[in-house]
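Structure first, commentary second.
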């Protein structure tokens, strides 16, 4: 069995396991896993830029919120169908990521991080400024009648789970295919040595801009699905913390790994969930565990598995 076949079998097996869990999980964990898969899709988008291209964005909440508000406002203001609203959210993400990428990529290193953070803050303040439409911090609810896609009620737990699984599957498989193609390998080359990649004749700026757009599009799709599946659109998702979350998820799971975003999101979600059931100081427990994991598994959970057991793991 070739490495490519082994990788495909591994990732399809993970998706098959997620599919099977739908039938055995209790209601509480069933709902949690649906939410985790959507957030893991968001982390996959972040990982394209940070893990594979080496560009650390501190403003990814802008793309997530762009997809969410693009979808939500299309339904709220224009009474669009769910399918049209999802497309509107994704297109909004594409446009914003293209514009932001073209501007932010003129900066490098720490300056790039600061610029992306500032753009995200502008997005958050814009949401608050147009509170007449966005309802500001309060946000707005998407009614059940507006969450019926092609006759499927996405507010129903089983349908919501399969919609989240579909989104995650597409994001995972597209990213897996991308990193196996010349485009993905060029992004990795840029991450490892940008000057040498440029010297070899590759269009570094063009590839980095494409990475921003791919990353922003996946993140916007996650935001659009999150709003539609869980019926809420709010400014909280445009705040700095939602730019930090995907960074933590990817670092914990393993930067530059396909399964890292899922593992990191799952780990972080249940770490906080379980520790909060024990004590009100749950963030202290979470912090200690995160520091320990950073010290003893600096490449993340999947990254350490790749280092120790399967060096060819993407």
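Derivation of every value follows stated rules applied to the coordinates shown; laboratory data play no part. All of these numbers come straight from a predicted model, not from anything done at the bench. Reconstructed Cβ throughout: ideal geometry from the backbone, glycine too, with neighbour counts over all protein chains shown.
Here segment 3-239 is treated as a Stokes sphere of Kirkwood radius computed over C-alpha pairs; at 20 °C and 1.002 mPa s its diffusion coefficient rounds to 116 µm²/s. Each residue in 232, 226, 129 was given a count of other beta-carbon atoms within 10 angstrom of its own, and listing them fewest first yields 129, 232, 226. Counting neighbouring beta carbons within 10 Å and listing from fewest to most, the residues 249, 310 come out as 310, 249.
With a ≥ b ≥ c the root eigenvalues of the C-alpha gyration tensor of segment 89-227, is it rounded (a/c under 1.5), prolate (a/b larger than b/c) or oblate? Verdict is oblate for segment 89-227. When 160, 306, 196 are arranged by Cβ crowding within 10 Å, least crowded first, meaning fewest neighbours, the order is 196, 306, 160. Classify segment 126-177 from the C-alpha gyration tensor, please: rounded if a/c falls under 1.5, else prolate or oblate depending on whether a/b exceeds b/c. Taking the square roots of the gyration eigenvalues as a ≥ b ≥ c, segment 126-177 is oblate. Taking all Cα pairs closer than 8 Å and separated by 6 or more residues, the relative contact order of segment 19-172 comes to 32 percent. The calculated 222 nm mean residue ellipticity attributable to helices in the chain amounts to -23500 deg cm²/dmol, summing -39500 (n - 2.57) over DSSP H runs of n ≥ 4 and dividing by all residues.
Averaging the Cα positions of each part gives two centres, and for segment 207-240 and segment 22-51 these lie 14 Å apart.
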